[in-house]
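The values are calculated or read from the model by the stated rules, or taken from the named source; none is laboratory data. Predicted model only: the values in this text are computed from it and were never measured. Neighbour counts run over all protein chains shown; Cβ positions are idealised from the backbone, glycine included. Note: areas computed on protein heavy atoms with side chains; ligands, DNA, RNA excluded. Shrake-Rupley method; radii C 1.70, N 1.55, O 1.52, S 1.80 Å.
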Amino acid sequence: MRAALLYGLKDLRVEDVDVPIVDAGEVLVRVRGATTCGTDLKIFQRGYVEKIIKLPTIFGHEWAGEVIEVAERLEWPRKGMRVRAGNSAPCLHCAMCQKGKYNLCENMIWLWGGYAEYVKVPARMVLVNMQEIPEQVSYLEAAVTEPLACVLHGVEEAGVKLGDTVAIIGAGPIGLLHMLTVRRMGAERTIMIDLVDERLDMAAKLGADETINGGKQQVAETVRSLTAGYGADVVIEAIGLPATWEQALKLARKGGVVLEFGGCPLGTEVKVNAEQIHYGELTVMGTFHTTPLQFRKALSLIASRTIDVRPLITREMELQDIGRAFEILSTSKNEIKIGIVP
Ligand SMILES: [Zn+2]
Ligand SMILES: [Zn+2]
């Protein structure tokens, strides 16, 4: 089969590899659609996180497809079923899982392999994180379940409420998914902050109430002037840089919540103002990844179009052109996610 393998920094090669062989409890899926992700781009450009990816590997973790082969004695799924799965499956029995923190599982398994004609889903993932895709949902839409699930985890932990003003730093795919989600949760006003006008225009088109170009405007002052001097109820950092982590702290009101969603490189330290946390009762939190429950919920929100992810897939390309897809994502200001059709 054809597959895109990541060998290292900016080294992605489309090669012929063997179709995986299905073992006990496993399922083979013909990938019909995969989407590019900010995490993929980050790993491609900056390097990889050893815990979750070992090189060389077939790349890509947002995908959906058709079940081709099912291990013997497995009752579900059946052949021909349209499914999505992964990109993670918690063990359900470690200390973190037993506390309900499935996203922090000590024995998490991760699945890479969406940028290929076939992907084999491990037995545990078939059990805890594989879902059938409703008829009206395209494979590419279903592939977006993974990032939306991460966003749901973030906003649920941050406790976004009806009537909140939410400021979001970063108008890339993750920032936009946050914006679409908090609007549905009843945010009264969303303020999107980015350095690229084209992205802010896209955010406005998708429903952002206010946009701020941080390269041209004073971000903290503008957010304050839009909120009668107080700051936003909830601030979400959706980039993953120490500078924007610190900037997020300056945009929240007293008693507000700052969700540091974007992952910074390991070892990064940021400055936090103690006065703001004590006298200002600021809650600063991070969230990581997501849980099987939220994967399920994300897929059904996509299916009902409660959260319409279709506008986020700005281009479709074939698997053989994946190198160019990542070049385009690295340089283009207009692309959000590229659908890869193997
Ligand atoms: Zn992703
Ligand atoms: Zn566990």
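Pull out the extension gain between ASP16 and LEU74, defined as 0.36 nm times the separation in residues minus the alpha carbon to alpha carbon distance; nm, one decimal.
Here the answer is 18.0 nm.
Determine, from the Cβ-Cβ distance of LYS54 and TYR230 and an R0 of 51 Å, the FRET efficiency 1/(1 + (r/R0)^6), rounded to the nearest 0.05.
0.60
For the ranges 88-101, 240-253, what's the packing order if you count other beta-carbon atoms within 10 Å of each residue, average per peptide, and put the highest first?
240-253, 88-101
Assign one of three labels to the range 1-131, namely rounded, prolate or oblate, based on the Cα gyration tensor with a ≥ b ≥ c the square roots of its eigenvalues; rounded applies when a/c is under 1.5, prolate when it is not and a/b is larger than b/c, and oblate otherwise.
Oblate.
Within the range 129-167, find all residues whose amide N lies under 13 Å from a label point positioned 7 Å from the Cα of ARG310 along Cα-to-beta-carbon.
Residues passing the 13 Å test: 136-142.
Output the peptides 204-215, 66-77 sorted from most to least packed, where packing is the average of other Cβ atoms within 10 Å over each peptide's residues.
For the peptides 204-215, 66-77, the packing ranking is 204-215, 66-77.
Run the dipole for the chain about the Cα centre, Lys and Arg Cβ at +1, Asp and Glu Cβ at -1, nothing else charged, and hand back the magnitude in debye, nearest 20.
Here the chain has a charge dipole of around 340 debye.
Taking the Cα centre of the range 257-342 as origin and charging only Cβ (+1 Lys, Arg; -1 Asp, Glu), how large is the dipole, in debye to the nearest 20?
Using Cβ point charges on Lys, Arg, Asp and Glu, the range 257-342 gives about 340 debye.
Suppose each label sits 7 Å from its Cα in the direction of the beta carbon; what would the LEU162-LYS254 distance come out to in nanometres?
2.7 nm
Can you give the net charge of the other residues whose Cβ lies under 10 Å from the Cβ of ASN273, counting K and R as +1 and D and E as -1?
Net local charge, ASN273 excluded: 0.
So how much slack lies between MET317 and ALA243, counting 0.36 nm per residue of separation and subtracting their Cα-Cα distance, in nm?
23.3 nm
Looking at the P(r) of the chain, how many percent of alpha-carbon pairs lie beyond 38 Å?
Cα-Cα pairs in the chain separated by more than 38 Å: 15 percent.
For a label point 7 angstrom out from the Cα of ALA24 toward its Cβ, which stretches of the range 67-106 have the backbone nitrogen within less than 15 Å?
Under cut-off, by backbone N: 71-75.
Students often get this wrong: which residues of the range 270-310 have the backbone nitrogen under 16 Å from the point 7 angstrom along Cα-to-C-beta of ARG184?
Counting only backbone N, you get 291, 293-310.
Where the centre of each part is set by its Cα atoms, how far does the range 155-219 sit from the range 262-288, in angstrom?
One Cα centre to the other: 20 Å.
Out of the total accessible area of the range 178-254 (probe 1.4 Å, heavy atoms of protein only), what percent is carbon and sulfur?
49 percent
By average Cβ neighbour count within 10 Å, what is the ranking of 265-278, 29-42 from highest down?
The peptides rank, most packed first, as 29-42, 265-278.
Placing unit charges on C-beta atoms (Lys and Arg positive, Asp and Glu negative, everything else neutral), compute the dipole magnitude of the range 115-264 about its Cα centre in debye, rounded to 20.
That gives a dipole near 340 debye.
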